[in-house]
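See below for the structure under consideration.
The values are calculated or read from the model by the stated rules, or taken from the named source; none is laboratory data. This structure is a prediction, so every number in the text was calculated from the model and none was measured. Here the Cβ is made from the backbone with ideal geometry for all residues, glycine too, and neighbour counts use every protein chain on show.
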Amino acid sequence: RGLPNGRRITSGEPPLRFGLALHLGEVMFGNIGASQRLDFTVIGPAVNYAARLEKVCAAVGRPVVLSKAVADLLPTGAVEPLGLHPLKDIDRPQPIYGLSAAQAA
């Protein structure tokens, strides 16, 4: 798991960092644009929520965070609560979850 970063650090390169947020909800997807420039895209409130949720990764020091919608689908012990966190343009702080130590290993 940490091998590529171990090599980067040993060679003096900065480690690769990423954030991944998992959320569950309805989206709309498809191609948008003109025949000369066609892009596949996904839009909807669930997409926006996931994008805002990803910003919490750095604040909690976790590469992967989960929404309550996803955490509720996982077995007991698979996730741990990381507290309530404000998300941009969401009225109230939201419960955020991370993978438990056993799941993350």
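For Y49, are the conditions met, namely being within 21 Å of F18 (Cα to Cα) and either in contact with a Gly (Cβ under 9 Å, 6 or more places away or on another chain) or touching a residue at least 40 places away in the same chain (Cβ under 8 Å) (or both)? Full working, then the answer.
Numbers: within 21 Å of F18 (Cα to Cα): yes; either in contact with a Gly (Cβ under 9 Å, 6 or more places away or on another chain) or touching a residue at least 40 places away in the same chain (Cβ under 8 Å) (or both): yes.
Yes: the conditions hold for Y49.
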### Query
Hey, F40 hits all of (1) at pLDDT 85 or above; (2) surrounded by 11 or more Cβ atoms within 10 Å (Cβ to Cβ); (3) not in a loop (DSSP other than H, G, I, E, B) but one; which does it fall short on?
(2)
### The listed residue being in contact with a Leu (Cβ under 8 Å, 6 or more places away or on another chain), surrounded by fewer than 18 Cβ atoms within 10 Å (Cβ to Cβ) and free of Cβ contacts under 8 Å to residues at least 60 places away in the same chain, out of V70, V79, V56, V60
V60
### Task
Would you mind stating whether R17 is crowded, with 16+ Cβ neighbours inside 10 Å and outside any strand (DSSP E or B)?
no
### Task
Go through (1) on the phi > 0 side of the Ramachandran plot; (2) buried (at least 17 other Cβ atoms within 10 Å of the Cβ) and name the single condition G98 misses.
(1)
### Task
Out of P75, P93, report the one residue that is at pLDDT 95 or above and either of a type outside the set (G, A, S) or in contact with a Cys (Cβ under 7 Å, 6 or more places away or on another chain) (or both).
P93
### Query
Which pairs have Cβ atoms under 8 Å, sit 6 or more apart or on different chains, and link a residue in the range 10-23 that is modelled with pLDDT of 90 or more to one that is assigned to a strand (DSSP E or B) and β-branched (V, I, T)?
G19/V64; G19/V65; L20/V64; L20/V65; A21/V64; A21/V65; L22/V64; L22/V65
#### Entry: Flag for T41 being touching a strand residue (DSSP E or B) at 6+ places or on another chain (Cβ under 8 Å) and without any contact (Cβ under 8 Å) to a residue 40 or more places away in the chain
yes
### Message
Quick check on this structure: which one of N31, N48 is assigned to a strand (DSSP E or B) and either loosely packed, with under 14 Cβ neighbours inside 10 Å or modelled with pLDDT of 90 or more (or both)?
### Response
N31
